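Below is one structure, written out as structure tokens; comments come after it.
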Amino acid sequence: MRILVTGGAGFLGSHLTDALLARGDDVVVLDDMSTGNPANLLPPRPGLTIVDADVRAPLLLDGPFDAVAHLASPASPPEYLRRPVFTLTTGALGTQQVLEFAARKNARVVLASTSEVYGDPEVHPQTENYWGNVNSVGPRAVYDEAKRYAEALTTAFGDSQGVDTGIVRIFNTYGPRLRPEDGRVVSNFIAQALAERPLTIYGDGTQTRSLCYVDDLVRGLIAMIDARGERGPINLGNPVEMSVRSIADLVLRLTGSSSRLEWLPLPTDDPVRRRPDITRAAERLDWQPRTSVVNGIGRTIAWQRGNHRTAPIRPATIPLAS
Ligand code: UDP
């Protein structure tokens, strides 16, 4: 197949690109390198083309395409809060360009949506039928509402333009290439532990997340790309739920660090709990995660040990609840 991966120089996109190339697909990566990193796509490989472009502009790519994986967006809270309008227009205008491109090429398109469409969920665990609890004027809305609009637009192109569309809702994912300065919980804690600096726990650390290792997530993405006609939405994530405090304890144990814990205010609208119901992914894609959190975090630590040049993000960049 010939596949366009938007956001292909980012954390998830570059792992997806590696996996598609490894199975013999040709991949065109489109990325503006705003949060992506060309180094993620090394070495150059036959079948890999990199286009440095903004997904909000018309996609002028020649030749046939079988599928588009649309991942282009800032994805970590500090990143999307730093550039709120860019995040919204990337989700809105960028997704429109991708859908029009897929319509022209008669290609299947898979939208990388997010567990953030559930906001601070009142239903637990989250099934795809839950409509969510999002504050449309809160700071996280720039990401959450962009993705919700992207889901609606994708659905409309599927319904009214005959485009073969699919939506996956990706829950917290971690692994090598998650930038230490990206600000997310796993990369922050590992960077802090390796530097023997305090691990920054926002709030009381009882809020929960469910962490999926990147290789598992990529397997799910590829299953969705291959599942022609499957529209979703389908949750992709690891149903093993952990408190933020227990993630910190695990990172300390696996790094052997003697860092202490530092308690900081919780960011505004930070979801209290999050866990995917993945029944649909199992039924429709025959997918479930295989990597234990201990193994996955161990591999991520090994990678970050060789790559922790940059400092973790401090929460001062995040609006904090008063
Ligand atoms: N978090 C934390 N310390 C950090 C980074 C994050 O306590 O240094 C918390 C954050 O408040 C949230 C959870 O960890 O409750 C996951 O945050 P992340 O930014 O990784 O992703 P989110 O699920 O919020 O999009």
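Only residues that are at negative phi and in contact with a Leu (Cβ under 7 Å, 6 or more places away or on another chain): list them for segment 176-211, please.
Step one: filter segment 176-211 for residues at negative phi, giving 176, 178-182, 184-195, 197-202, 204, 206-211.
The answer is Arg184, Val186, Ser187, Phe189, Gln192, Ala193, Pro198, Leu199, Thr200, Ile201, Tyr202.
Suppose we filter segment 49-70 for residues that are more than 23 Å from Arg231 (Cβ to Cβ) and in a strand (DSSP E or B); how many remain? Show your work before the answer.
First, the residues of segment 49-70 that are more than 23 Å from Arg231 (Cβ to Cβ): 49-54, 56-58, 60-63.
Now drop any that are not in a strand (DSSP E or B), which leaves 49-52.
Residues flagged as more than 23 Å from Arg231 (Cβ to Cβ) and in a strand (DSSP E or B) within segment 49-70 amount to 4.
Could you please find all residues in segment 188-206 being within 8 Å of the ligand (Cβ to nearest atom) and out of contact with any strand residue (DSSP E or B) (no Cβ under 7 Å at 6 or more places or on another chain)?
So the first thing to find is which residues in segment 188-206 are within 8 Å of the ligand (Cβ to nearest atom), and the list is 188-189, 192, 199-203, 205.
Gly203, the sole residue that qualifies.
Need the failing condition index for Ala321 against (1) within 15 Å of the ligand (Cβ to nearest atom); (2) surrounded by fewer than 18 Cβ atoms within 10 Å (Cβ to Cβ); (3) modelled with pLDDT of 95 or more; (4) closer than 26 Å to Pro125 by Cα, just the number.
Of (1) within 15 Å of the ligand (Cβ to nearest atom); (2) surrounded by fewer than 18 Cβ atoms within 10 Å (Cβ to Cβ); (3) modelled with pLDDT of 95 or more; (4) closer than 26 Å to Pro125 by Cα, only one is false for Ala321: (3).
Contact list please: Cβ distance under 7 Å, first residue in segment 266-282 and outside any loop (DSSP other than H, G, I, E, B), second residue within 7 Å of the ligand (Cβ to nearest atom) and aromatic (Phe, Trp, Tyr), pairs at least six apart or on different chains.
Taking only residues 6 or more apart or on different chains, the pairs are Pro267/Tyr202.
Go through (1) within 16 Å of the ligand (Cβ to nearest atom); (2) surrounded by 19 or more Cβ atoms within 10 Å (Cβ to Cβ); (3) not in a helix (DSSP H, G or I) and name the single condition Glu181 misses.
Just one mismatch for Glu181, condition (2).
Can you pull out the residues in segment 42-79 that are touching a residue at least 60 places away in the same chain (Cβ under 8 Å) and either farther than 30 Å from Asp270 by Cα or more than 16 Å from the ligand (Cβ to nearest atom) (or both)? Write out each step before concluding.
Initial filter on segment 42-79 (touching a residue at least 60 places away in the same chain (Cβ under 8 Å)): 63-79.
Scanning segment 42-79 gives Gly63, Pro64, Phe65, Asp66, Ala67, Val68, Ala69, His70, Ala72.
The values are calculated or read from the model by the stated rules, or taken from the named source; none is laboratory data. Small disclaimer: the values here were computed from a predicted structure and weren't measured. Here Cβ is always computed from backbone atoms with ideal geometry, including for glycine, and neighbour counts include all displayed protein chains.
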